[in-house]
Amino acid sequence: MSLTGTPFLYTTVVLAVVALILPLLLWSKMRGPKHLRTAARVLMLLFAQGTAVTLVFVLVNNQNNLYDNWADLFGTGNHVQQAADLGRDGTGGIAVKRLPKVRQTFTQATGPGMHAAGGVRVTQLKGRVSGVNAEVYVWLPPQYGKPAYRHKKFPVVEVLPGYPGSARAWFGSMKAHEQLLPLMESGQVAPFIMVAPRTNLLAGVDTGCANIPGQVNADTWLSIDVPKMVTDNFRAQPAPQGWAIAGYSAGAQCAVKLAVAHPDRYRAAVSMSGYNDPIGERNSLAAQNPALRAENNPYLLLKKAAVPPPVALYVSGESGDGYEAGMALESVAKAPTTVHVVFLPRSAGGHTMALWRPQVPAVFRWLTLQMGQNHAKGRDHSVTGTPGTGIGTPAGTAGAAGTTPRSPSTGGSTRAELASGTASRAGAAQRR
């Protein structure tokens, strides 16, 4: 029975109801020795508590798309077939553009939100360079199948969840395609192809979207294998001008890092409640040693770049949860790199879907303008936050990061240290 399926949800509901009714019916009717009656009553109470906890977990998991299946939940899933040393560019010397096209088989995705807004399709992709074998979800804009657009190539946005997180989260919990469909149909937002690849590749750890020989080539999976599959199978614009990447929480750190590290593959990146230092997620493989940690910190990559990358970054967050990371990036960015920081008040929703979901329209309006899709109608609401919510305001001119008070949840590290990459592991805050 699927962890996220409707049958399992209904089963947990029925068991929770039965567990509540049993004590009411049988509590005073128990017969036999006192110790047996006591044991039976204790078992009924434990059964009731267990079913209640299970039901709450299932509801939370379905709402936030944390775990896709039982293997993800119990930490037994492994989607890495091999992890060769692919070198600094992550290609292993393979001429990716010369690889023959591979036609994938796509099916209708299942789960909450997968049938909405025209439907989401899914395929099992065997990465020819990365050695990763995992699912990739694709949503096509409403214009894609219309005769007037049959020769048009569309821009692409890769969307990444947090950790732990399901690749389906952007369509399930975030409802991104449902929000964007009317905006694309009315011309307020350009028609983008949305691609959601699996990021939870190893059991019990966050890959940090890094290439680590012998363990995982997550960077190559996301920035080479997945884009190659998309351009092989859909009318997608070529990189970098037609490609962007977006994420929330751990996925936000990943998105910015990939764009800054690979300006030949991405034009823009979106970070919602992200961080720069991989140690922001204590289970990140990218934080396991100082060298690897520095290689995957976008703040340090920008600071040390001999030639500033031509990428645009959109960073939103609350104080202590993403905002300082954005200000740190802006403080070291040099043209042609641009950083747009949006401050979100504490009342906006915290580190949850309630904060990230309403930002989707503003994010895609910003992407529409940044990626040269200026024919879309409407103004860029991203500079004033999410329309109708009042949750975002532009940060203005960046000064030195870290002027805010020390947070008691950082274990002694200042927010500036967490943002720039000088924090200790003990001072890292756990992220989802």
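The values are calculated or read from the model by the stated rules, or taken from the named source; none is laboratory data. Source: prediction; values computed, not measured. FYI the Cβ positions are ideal-geometry reconstructions off the backbone, even for glycines, and counts take in every protein chain you see. Ligands, DNA and RNA are excluded from the accessible area calculation, which covers all protein heavy atoms including side chains. Shrake-Rupley method; radii C 1.70, N 1.55, O 1.52, S 1.80 Å.
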Which of the residues that make up the range 103-155 are assigned to a loop (DSSP other than H, G, I, E, B) and either touching a Cys at 6+ places or on another chain (Cβ under 7 Å) or closer than 20 Å to Gln82 by Cα (or both)? Gly127, Arg128, Val129, Ser130, Gly131
Within the range 38-53, the residues that are small (Gly, Ala, Ser) and either under 40 Å from the mean Cα position of the chain (by Cα) or open to solvent by 100 Å² or more (accessible area, probe 1.4 Å) (or both) are Ala48, Gly50, Ala52
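Please go through the range 173-186 and pick out each residue that is open to solvent by 10 Å² or more (accessible area, probe 1.4 Å) and either in a strand (DSSP E or B) or small (Gly, Ala, Ser) (or both). Lay out the reasoning, then the answer.
The initial filter retains those residues of the range 173-186 that are open to solvent by 10 Å² or more (accessible area, probe 1.4 Å), namely 175, 178-179, 181-183, 185-186.
Passing the criteria: only Ser186.
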Checked against (1) closer than 25 Å to Ile224 by Cβ; (2) part of a strand (DSSP E or B), Gly317 satisfies every condition except (1)
Looking at (1) part of a helix (DSSP H, G or I); (2) at pLDDT below 85, which is the one condition that is false for Leu36? (2)
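Being under 23 Å from the mean Cα position of the chain (by Cα), at pLDDT below 85 and not in a helix (DSSP H, G or I) narrows it down to one residue among Leu66, Leu59; which is it? Before you say what the answer is, go through the steps one by one.
On the way: Leu59 fails: not in a helix (DSSP H, G or I).
Residue meeting the stated conditions: Leu66.
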Can you tell me which residue is farthest from Lys257 (Cα to Cα) among those in the range 328-338 that are of a type in the set (A, V, I, L, M, F, W, C) and either without any contact (Cβ under 8 Å) to a residue 40 or more places away in the chain or in contact with a strand residue (DSSP E or B) (Cβ under 6 Å, 6 or more places away or on another chain) (or both)? Ala335
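Of all residues being of a type in the set (Ser, Thr, Tyr) and open to solvent by 70 Å² or more (accessible area, probe 1.4 Å) in the range 1-37, which is nearest to Tyr67 (Cα to Cα)? Just the residue, please. Outline the logic, then answer.
The initial filter retains those residues of the range 1-37 that are of a type in the set (Ser, Thr, Tyr), namely 2, 4, 6, 10-12, 28.
Imposing the further condition that a residue be open to solvent by 70 Å² or more (accessible area, probe 1.4 Å) reduces the set to 6, 10, 28.
Working: Thr6: 15, Tyr10: 18, Ser28: 41 Å.
Step by step, filter the range 1-37, then rank; the result is Thr6.
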Which of the residues spanning the range 219-277 are open to solvent by less than 10 Å² (accessible area, probe 1.4 Å), part of a loop (DSSP other than H, G, I, E, B) and among the small types (Gly, Ala, Ser)? Gly242, Ser249, Ser273, Gly274
Consider only pairs whose beta carbons are under 6 Å apart and that are at least six residues apart or on different chains; among these, list those whose first residue lies in the range 187-216 and is more than 17 Å from Lys228 (Cβ to Cβ) and touching a residue at least 12 places away in the same chain (Cβ under 8 Å) and whose second residue is among the hydroxyl-bearing types (Ser, Thr, Tyr) and not in a loop (DSSP other than H, G, I, E, B). Val189/Thr368; Ala190/Thr368; Asp206/Ser284; Gly208/Ser284
Do you know which residues across the range 149-176 are over 11 Å from the mean Cα position of the chain (by Cα) and of a type in the set (Val, Ile, Thr)? Val156, Val157
